[in-house]
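Just so you know, all these numbers are worked out from the coordinates, no wet-lab data involved. From a predicted model like this one, the values you see are computed outputs, not experimental measurements. Reconstructed Cβ throughout: ideal geometry from the backbone, glycine too, with neighbour counts over all protein chains shown.
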Amino acid sequence: MEFRQGWYQCLTRWADTLFEVTDAVLTTPGSLASLPYLTLEPALRRGWGSVYASLSRGRVDVAAVRDLLIGALPGWWPVFAVDVTAWPRPEAGCSPRRGMCRVPDPGGDRRGRVVPGWAYQWVCQVSATPDSWTAPVDVVRVDPEDNATEVACGQMSAVVRGLARRRPGVVPVFCLDAGYCPITATARVASDPHAPARIIGRIRRDRVFYADPPAKTPGSPGRPKQHGDRFACADPTTWPDPTHEMHTVDDTHGPIHVQAWTGLHPKPGPRRRWAAKNTKGLAAPIIRGTVVRISLPRTVEASTPQTLWLWTAGPDPIDLDLIWRAYLRRFAIEHTNRFIKQHLAWTTPAVRHPSQADLWTWIVAAAHTQLRLARTLITDQRLPWERPLTTTTLTPYRVRRGFRSLHPHLPTPAKPPKPSRPGPGRPRGSRNQQPTPRHKTIIKRRRRTKR
């Protein structure tokens, strides 16, 4: 129960109410309709007014919570998934700092639809076993004017430094989807000499890379070449012999063929974010890495053969078996996003300010961590038609169902409420003199450079 005590110490203001709100989220049966329903749970001994007041006036030490989540990480392989998920607020005209976020389309369009809302970027550790468990370690709200890759680099660097203190010698692996720039992450995170990490990012199938040029002949005129032979992912005639190659058979995906070409680099340009701080007149640095091609006969999304192109770079020797398994396991974070939205009511509260949404997000992250830590203490309460599960195969939904019976046996550091009479409230006949200000949705425009 060290995590519960540590979570209480991370709450700097309204700690008692926020701690009981976290327990009420875990013990509420079914999905939560709105925040006042939390007061119907015995875990929350305050009134519904205290719930809204705690989200408005409460504070949490973000650095302490991140260190607490890093200390509670399980002994899985050091693979982390980074992904952005949306908190849609299409009708919240009074909520500031809303941007255009992509959410699933109820009509079935695979591209989804774009609505105003807040975007949150999660960093979660994924397990090597095919289950829906992850370990959230950090979450940051991405402002509409910020770049998701830059924010992800800051999060990954913080996680690497925290792991270096807890588990020295372990090189973490971060898996990025196609929406991120793996070259920027390589320059900012993988190339850090003090706390390095391995980056695995998906790239487009039409990317072009270059090998190192041959050495310049002594006495030949001109400057040395920067780029060697061309490597086009879409043109097999430009592929040399792979430096690493592997054939394996997986129980889920079938036969898998992995090829890797090391020592490749993209052609740097002035628009590269990792080259923006260079001195004017100096060339952008060359970022080298490994291009990996994975041939899958079938995937979860498509029944036809599929080819994945990945970029990877890191201080440790390349391991093809780890690379393809880690990237395919990164999709377990999608199960976490769905679980916290449907069962932990992450996007249910209609809060107005982003600071309230940030506080509620940390409450949900702490609640999800408590479910994972209580996984071995839960007695499975299944319905007659459900399949029996053991403590090692329990799903997050089944653990949350049994947490209601475990909670009365857990100690709570929250102090009981002090009874008092209700306040006078608003005087009769009074009205708000100033209307609530309205905020427009921030739409990020692409910068066009003149040629």
The helix 354-373 Cα axis meets the longest alpha-carbon principal axis of the chain at an angle in degrees, between 0 and 90 and rounded to 10, of 90 degrees
Per the charge dipole of the chain (beta-carbon charges, Lys/Arg positive, Asp/Glu negative, Cα centre), the residue among ILE318, CYS101, VAL139 reaching farthest to the positive end is CYS101
Rounded to the nearest 10 degrees, the helix 332-342 long axis (Cα) sits at an angle to the longest Cα principal axis of the chain of 20 degrees
If every Lys and Arg gets +1 and every Asp and Glu gets -1 at its Cβ, then about the Cα centre the chain yields a dipole, in debye to the nearest 20, of 2200 debye
Magnitude of the Cβ-charge dipole (Lys and Arg +1, Asp and Glu -1) of segment 20-149 about the Cα centre, nearest 20 debye, reported as 340 debye
Expected unfolding gain across ASP251-THR393 under the 0.36 nm per residue rule, minus the alpha-carbon gap, is 49.3 nm
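For the chain, what is the mean residue ellipticity at 222 nm derived from helices alone (per DSSP H run of n ≥ 4: -39500 (n - 2.57); sum divided by total residues; nearest 500 deg cm²/dmol)? The partial results should precede the final answer.
Details: 10 runs with 117 residues, N = 451.
So the calculated ellipticity at 222 nm is -8000 deg cm²/dmol.
Taking the Cα centre of segment 314-451 as origin and charging only Cβ (+1 Lys, Arg; -1 Asp, Glu), how large is the dipole, in debye to the nearest 20? Write out the running numbers ahead of the final one.
On the way: 29 positive and 7 negative charges, 273 e Å.
For this selection, approximately 1320 debye.
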Among ALA178, LEU371, SER420, the residue whose Cα sits farthest towards the positive end of the charge dipole of the chain (+1 at Cβ of Lys and Arg, -1 at Cβ of Asp and Glu, taken about the Cα centre) is SER420
Relative to the chain, whose Cα atoms define the longest principal axis, helix 62-71 and its Cα axis are tilted in degrees, nearest 10, by 70 degrees
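Using mean Cβ contacts within 10 Å as the protection proxy, how do 122-131, 151-160 order, highest first?
Values: 122-131: 18.7, 151-160: 21.6.
With the highest mean Cβ count within 10 Å placed first, the list reads 151-160, 122-131.
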Checking rank on 314-320, 220-226, 52-58, with mean other Cβ inside 10 Å and highest first, the result is 52-58, 314-320, 220-226
Expected unfolding gain across ARG438-HIS409 under the 0.36 nm per residue rule, minus the alpha-carbon gap, is 5.8 nm
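How high is the relative contact order of the chain, in percent, with contacts defined as C-alpha pairs under 8 Å that are six or more residues apart?
On the way: 770 pairs, mean separation 88.7, N = 451.
About 20 percent, as a whole number.
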Taking 0.36 nm per residue of separation between GLN342 and HIS244 and subtracting their Cα-Cα distance, the length gained on full extension comes to 31.0 nm
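What order do you get for 184-190, 435-441 when each peptide is scored by the mean count of other beta carbon atoms within 10 Å, highest first? Could you put the intermediate results ahead of the total?
On the way: 184-190: 23.4, 435-441: 10.7.
Final packing ranking: 184-190, 435-441.
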Computed D for the chain, Stokes-Einstein, Kirkwood radius over alpha-carbon pairs, 20 °C, 1.002 mPa s, to the nearest µm² per second, is 87 µm²/s
Spelling it out for ASN147: with amide H atoms placed in the peptide plane at 1.01 Å from N, the residues 5 or more places away or on another chain with amide H under 5 Å from its amide H are none
